[in-house]
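Presented below is the structure to which this report refers.
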Amino acid sequence: MDRVAFVSAFHGAALTASKWGLPIATRHGKLFHRPFIRRSHRHVCASIATAAGEAGSKQGRKRKEHSSPYSATVNLPKTGFEQRANATKKEPVIQNFWSENTVYERLSRGNPGETFVLHDGPPFANGPLHCGHALNKILKDFINKHQLMNGKKAVFIPGWDTHGLPIELKVLQSMKSSQRKNLTPVELRKKARSFALNTIQDHIAGMKRFGVWGDWDNPYLTLNPEYEAAQMEVFGVMYEKGYVFRGKKPVHWSPSSRTALAEAELEYPEGHTSRSCYCVFKTVSAPHSAPHFVIDAMNSSGGLALSIWTTTPWTIPANRAIAINANLDYALVTGLHPKLPELVIVIAEDLIEATSSKLETKDSVKVLSVVKGTDLLGIEYQHPLETKKYCRVLEGGDYITTETGTGLVHTAPGHGQEDYQTGLREGLEVVSPVDDGGRFTDQAADGRFTGLPVLGEGNQAVLDALDDAKVLLLEESYSHKYPYDWRTKKPTIFRATEQWFISIADFREDVLRAIEKVQWFPAAGIKRIKGMVEGRGDWCISRQRSWGVPIPVFYDDATGEALMSREILDHVIGVIRERGTDAWWELESEDLLPESHRGRNLRKGRDTMDVWFDSGSSWAAVAAVRDELSYPVDLYLEGSDQHRGWFQSSMLTSVATREQAPYKKVLTHGFVLDEKGVKMSKSVGNVVDPLKVISGGNNKKKEPPYGSDVLRLWVASVDYNADMMIGPSILRQVADVYKKLRNTLRYMLGNIHDFDPKKHGLSYESLPSLDKYILGRMISLLDEVDSAYDSFSFFKVYQALQRFAVVDLSNFYLDIAKDRLYISAPDSFRRRSCQTVLGVLLENYTRALAPIISHTAEDLWQNMPYKPLSTNSLFPEAKSVYEAGWFERRSEWVNVDPDIMDNWKVVLEARDAVNKVLETARNSKTLGASMEASIKIFAGDARDAAALQKMADCTNDIDSLQRAFIVSNVQVLTTPESARHCAHVNYDYEGEMPRFIVGMDKSDAPKCDRCWHYDDTVGVHHEHPLLCSRCTDAVVSMGMASEPVESSEAV
């Protein structure tokens, strides 16, 4: 059972259907069906229902009005805190209250504490809000509000990533093909800017509706000129340090996007299948140092060939070598080729069996000799697709293994990272006969494949050509992970192009040391990002797009040489800061250059920066420059995919330029799935729109308006370390938990309507032990909640608050308190002591709730009948719950006498045993209300017995066992035998004796017509012959000196 379902089930019977949610009893998840009406005050409930029970009348349930004159003497709850949240109307009103009173602004700038900075990771401004946005921003809001209530200055600057292909694609998709054809870069940029800004406005409206606080009028946008200038400054510092270079090397290239991609822009979907092939390349010569049997094989009638295996046949036209592992053993075999059995083929000895099985030549293979990899070095072979091209065997590295393939690796330096490194070392030509669209150029195989797409027809054409050349041994499908463009969802290729790179190797060790100094939540995050940085190659930062920040480089028209300098950078940065990056496309090169470089026939570059460099510079453009923030920041909080994205790009730029991490802590969350654990998709139809969760859909019965606080409560209820689920049934469960919690709070609030702690509050010393016990339990709750907030474990906050509301309040303290609150005289000690404690509980509980269900906490706070004291020295007269500060912890609450806590723990456990006996009596129809019962109880343990006897001897009519058990009489026995003959007993006097032996009989005392207690004092007072002594005292104190009445039994 998930957490929400568990808590919902646990709380399910805690409140009755009364508008005031009068508690029934449960304990430790066990339900005891003792409806309040049957237990003690049936006429009280009838009065409450008559006075405030609109819900009952709406459903056609008519209640018989009670005419007892004592009804007016009952203290009924009153409050403006409504039973129904009416969130769609009430929450915007509360948000206006915060805005009009500048609550966030005053706290975030004026709090007396230190600065706390949670730096917002910028989402792409390319589509509507989804549940991932809601989860992320609400989690951040939990943290910021908690920090604000603890007196810190916590300014939240929301941000948006506005450049790059996602937005560019949205613009292009909205246009007709004829419009796209004539679109200039400047026009595209204007449309992209407009699209991004409109999307941001929609996002801001939605995030404010979530109840999230922030500087919404002053967000950071990566398209703002001051941001772009700061980003370019980061680039400039990295360039000056020698980390930025230009080179031709293979990069992840997206034919569908026609641009280079960084690792963070790739995804590896399941189910990809490549067309792999086994080939043989025929040798033509060998060095004199080669073993004689190698030379003999080459001169034999069959000849000698080298076997290779590849999953990218289309790269074979760019082949420039075959690489071997010098430490492997290679065999010269015959019979491996199905059609040329005399051909001697070189293959790794360990792969003969696997390869021959696939070729179905296992029985015909014969090993002629075995050589070391070094014996093959220098052998030349003819290129399989170019008759005049000859290549050689060279040493590769540890990447060549015997796990798959043949142990010899087809090497195309223009199409693979290891191939490139090997070719660089050996001085090989870097060839990549593929254009931007992923089609072969005329460089491929003497122009045989020109114009064919390498991932389609071109791949097939290469396979056909290999087959025609009689070098193709086998073609087969091969399932493996393959990189896709994360935006277009189409496969990428490795392609060598002229690009700009950042050399990670130059400062990798510094980054790894900085990672160690960061605190990661969860702790496993450090392993993930360290592994990524350790294995990361150079960062390709150039993109062939128009909508982005330009790389500030110029090229010599005559030589093509790149020119960049500090002087040029400073001048360009100045232009960008004034006019934005549009100036790069609007101005001529001469206008972008400083005076000293004009007139030299320099042209500006057209590449833009990787958007991960954009967002990865936010610490420099925002946190390090805004006065209300600080660098490094306290916390980054994003999805777990950002270990390879924003977390990493921010770390790289910060360490490279400032030699430190940009953040002190990093917190990650999982992804939001539908309630079946499936990824949300419009095509599947399982998308949950967070704004519809709040405001409802077109069909309000199917998609009811839950309001922001139910959405926020869902966020608090889930363990965000893993993927989370949301859907109609889950939301219904959360809404049910919310309603019951609201009813509990409303019940407490309604019962202090006439209470002001300055006038009516009682000292701690005068309180009964029950009240001291619940204050002690409250402190335990606050400690648990504090610890959970500090560790960002919000589901633990949720659990702790729910458990306290159900177990400690509804099922115990409030269950007992009804008699004190309703029946006692309004200004009596019994009632005022309870109200004193209820006020303390409400104040602290509301504070604990405030970061999570913000609107409800504020609504409750505004309906307090008095102005609670503030713990924030800046706001002694707090208008808002947030200005009132965090928990109030008085020393006496923290240091409750341990004997009190221990004694009440015993009483609670004994109460469970009593409740079971009462339930048995009810089931047998021998007992109605619990007040009819007279209890005898025996405890075998001396400490238990002492605790029970102490409560039994109590004379304050609050701490007594009969009030704790809600029965008419309790007798603590000294021997177990005394309970044997009771009408109901929980022990058969055989076998192991239970901890508590409980016996029950029906009370023979008369019943009070007002409180329904069975009490021997009923009838003693002739002025009120139907009342017990305490009820007589109560009504007399209210001015009812004498009132002969008839019994209200019929009511």
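Tabulated data
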item	result
Simple label model, 7 Å out from Cα along Cβ direction - V186 to D1004, nm	10.6
Cβ-placed point charges (K, R +1; D, E -1), dipole of the chain about Cα centre in debye, nearest 20	3360
Sequence of M232, M724 once ranked by neighbouring C-beta atoms within 10 Å, starting from the fewest	M724, M232
Counting DSSP beta bridges with both ends in segment 899-1004, the antiparallel % (nearest 5)	70
Share, in percent, of DSSP beta bridges within the chain that are antiparallel, nearest 5	70
Theoretical gain in end-to-end length, T273 to T311 [0.36 nm per residue, Cα-Cα removed]	12.7 nm
Tensor-based shape of segment 273-480 (alpha-carbon gyration tensor, a/c under 1.5 rounded, otherwise prolate or oblate)	prolate
Label zone at T926 (point 7 Å along Cα-to-Cβ), backbone N below 12 Å, segment 980-1005	980-987, 999-1003
Whichever aspartates and glutamates have a C-alpha closer than 12 Å to that of K481, once near sequence neighbours (fewer than 8 apart) are set aside	E267, E270
Charge context of L328, other residues only, Cβ under 10 angstrom, K/R +1, D/E -1	-2
Alpha-carbon centroid distance for the pair segment 229-245 / segment 356-410, whole angstrom	45
Residues listed by number, segment 911-950, amide nitrogen under 20 Å from K905 label point at 7 Å toward C-beta	911-914, 939-950
Computed lengthening from K759 to E586, 0.36 nm per intervening residue step minus Cα-Cα distance	55.0 nm
Extension gain (nm, one decimal) between D217 and T441, 0.36 nm per residue minus Cα-Cα	75.5 nm
Part-to-part distance (alpha-carbon centres) for segment 92-170 and segment 268-347, which is given in Å	60
Computed magnitude of the charge dipole of segment 767-884 (debye, nearest 20; Cβ of K, R +1, Cβ of D, E -1)	360
For segment 113-203: rounded, prolate or oblate by the Cα gyration tensor [a/c cutoff 1.5]	prolate
Listed peptides 572-585, 804-817 by packing density, highest first (mean Cβ within 10 Å)	804-817, 572-585
Rg followed by Dmax, in Å, when the chain is reduced to its Cα trace	39.2, 132
Estimated inter-spin distance, Q173 and E426, nm [label 7 Å along Cα→Cβ]	4.4
Proximal charge balance of G438 [Cβ under 12 Å; K/R count +1, D/E count -1]	0
Computed [θ] at 222 nm, helices only, for the chain once each DSSP H run of length n ≥ 4 contributes -39500 (n - 2.57)	-11500 deg cm²/dmol
Tensor-based shape of segment 899-1004 (alpha-carbon gyration tensor, a/c under 1.5 rounded, otherwise prolate or oblate)	oblate
Order by protection proxy (mean Cβ within 10 Å, highest first), peptides 112-122, 439-449	112-122, 439-449
Using a Förster distance of 51 Å, the FRET efficiency for S194-K700 (Cβ separation, nearest 0.05)	0.90
Peptides ranked, highest mean first, by Cβ atoms within 10 Å: ranges 93-100, 429-436, 281-288	429-436, 281-288, 93-100
Summed side-chain charge close to Q460 - residues other than Q460 whose Cβ falls under 15 Å, Lys, Arg +1, Asp, Glu -1	-3
Under 11 Å from the E498 label point (7 Å along Cα→beta-carbon), backbone N, segment 598-622	605-606
Of the DSSP H helices in the chain, those whose Cα atoms cover at least 20 Å axially and whose Kyte score averages -1.0 or more	131-149, 185-209, 225-240, 728-750, 769-790, 829-849, 898-923
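None of the figures in this text is laboratory data; all of them are computed from the coordinates on show. All values reported here derive from a predicted model rather than from experimental measurement. All Cβ positions, even for glycine, are placed from backbone atoms using ideal geometry, and neighbour counts span all protein chains on display.
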